[in-house]
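Peer 1: To start, I am sharing the structure in question, which I have written as structure tokens.
A short reminder: the numbers here are calculations on the coordinates, not readings from a lab. What you see is a predicted model; the values in this text were computed from it and never measured. A quick note on method: Cβ atoms are made from the backbone with ideal geometry, for glycine too, and the neighbour counts reach across all protein chains shown.
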Amino acid sequence: GFVVLIGEISLGRHTQRNPVGAFKRLAPGSAWRFVGVLGVLTAWGVISYYSVVAGWTLSYVFTTAGGVFSTHLSQAEISEIFGRTVGDPFKAVFWHFAFMLLTVGVVIGGVRKGIERWSKILMPLLFLILILLVIRSLTLEGAGIGLSKFLKADWSKVSGGTVIAAIGQAVFSLSLGIGTMMT
């Protein structure tokens, strides 16, 4: 994943173009531009479900801020909250639309005034949230057992399928192959 990541970033820096334009510039008149087109089409496919899940997440931000999760809930209660979130078409469409409005607002700002500016705010915020989650998880009952399971690998369970799944996860997590890093 790292090699492909660096490759995509390098292509983007070198050509200063989107995926289609980058391949057109590198190999004019060849069929390579269709690789860029395929990447853009794949990104459209991915956003069709990412944006829905991101809408759920946005809904959960407000649900959590409202104190719903401040008490210990059973698995059934959590499932019920999730069911209400995704089962109500009005709610689902509202939160999807809210997320898309936020996304469009960032993208309209362009790379520097939109994506770059918001990344400078949101990435440190994401890191802070991660640190808070680590601290909170380490203070929960049974954290020591969970930590020992996490840190002691059972290499007997690693197979070729595990490696393939890990590669797939790396490609998926880094959004490789669709030109995101190139852009």
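Peer 1: Counting Lys +1, Arg +1, Asp -1, Glu -1, what net charge surrounds R25 among other residues with beta carbon under 13 Å of its beta carbon?
Peer 2: Details: positive: R13, R17, K24, R33; negative: none.
Neighbour charge sum, excluding R25 itself: +4.
Peer 1: With a/c under 1.5 counting as rounded, go ahead and sort the stretch 54-183 into rounded, prolate or oblate using the C-alpha gyration tensor (a ≥ b ≥ c being the square roots of the eigenvalues; past the cut-off, prolate if a/b is larger than b/c, else oblate). Before the final figure, lay out each step's value.
Peer 2: Values: a/c = 1.68, a/b = 1.14, b/c = 1.47.
Oblate is the answer for the stretch 54-183, as a/c is 1.5 or above yet b/c matches or exceeds a/b.
Peer 1: Counting other Cβ atoms within 10 Å of each Cβ, which chymotrypsin sites (Phe, Trp or Tyr not before Pro) in the stretch 89-164 have at most 16 and sit in a DSSP loop?
Peer 2: Details: sites: F90, F94, W95, F97, F99, W118, F127, F150, W155; in loops: none.
The qualifying sites: there are none.
Peer 1: If you average the sequence gap of Cα pairs under 8 Å that are 6 or more apart and divide by the length of the chain, what percent do you get for the contact order? Walk me through the intermediate numbers first.
Peer 2: Details: 114 pairs, mean separation 72.4, N = 183.
Once normalised by length, the contact order is 40 percent.
Peer 1: Let me ask another. Which helices, taking whole DSSP H runs in the chain, have alpha carbons extending 27 angstrom or more along the helix axis plus mean Kyte-Doolittle at least 1.0? Present the calculation step by step, with values, prior to reporting the outcome.
Peer 2: Numbers: long enough: 33-65 (46 Å, 1.19); 89-108 (28 Å, 1.74); 117-138 (33 Å, 1.83).
Membrane-span-like by this criterion, though nothing is claimed about a membrane: 33-65, 89-108, 117-138.
Peer 1: Net charge around T183, counting only other residues with Cβ within less than 10 Å of its Cβ (Lys, Arg = +1; Asp, Glu = -1)?
Peer 2: Details: positive: R17; negative: E8.
Charge balance near T183 sits at 0.
Peer 1: I need the peptides 13-21, 46-54, 26-34 ranked by packing, meaning the mean over residues of other C-beta atoms within 10 angstrom, with the highest value on top. Numbers along the way, then the final one.
Peer 2: Working: 13-21: 15.8, 46-54: 13.6, 26-34: 12.0.
Packing proxy ranking, top to bottom: 13-21, 46-54, 26-34.
Peer 1: Rounded, prolate or oblate: which fits the stretch 76-153, taking a ≥ b ≥ c as square roots of the Cα gyration tensor eigenvalues, rounded meaning a/c under 1.5, else prolate when a/b beats b/c?
Peer 2: It is oblate, given that a/c is not under 1.5 and a/b is not larger than b/c.
Peer 1: Over all pairs of distinct alpha carbons, what does the Kirkwood formula give as the hydrodynamic radius of the stretch 1-81, in Å? Write down the numbers at each step before the final one.
Peer 2: On the way: mean 1/r = 0.0617 Å⁻¹.
Result for the stretch 1-81 stands at 16.2 Å.
Peer 1: How big is the convex hull of the Cα atoms of the stretch 119-160, per residue, in Å³?
Peer 2: Working: hull volume 3.9 nm³, N = 42.
Once divided by residue count, the hull of the stretch 119-160 is 93 Å³.
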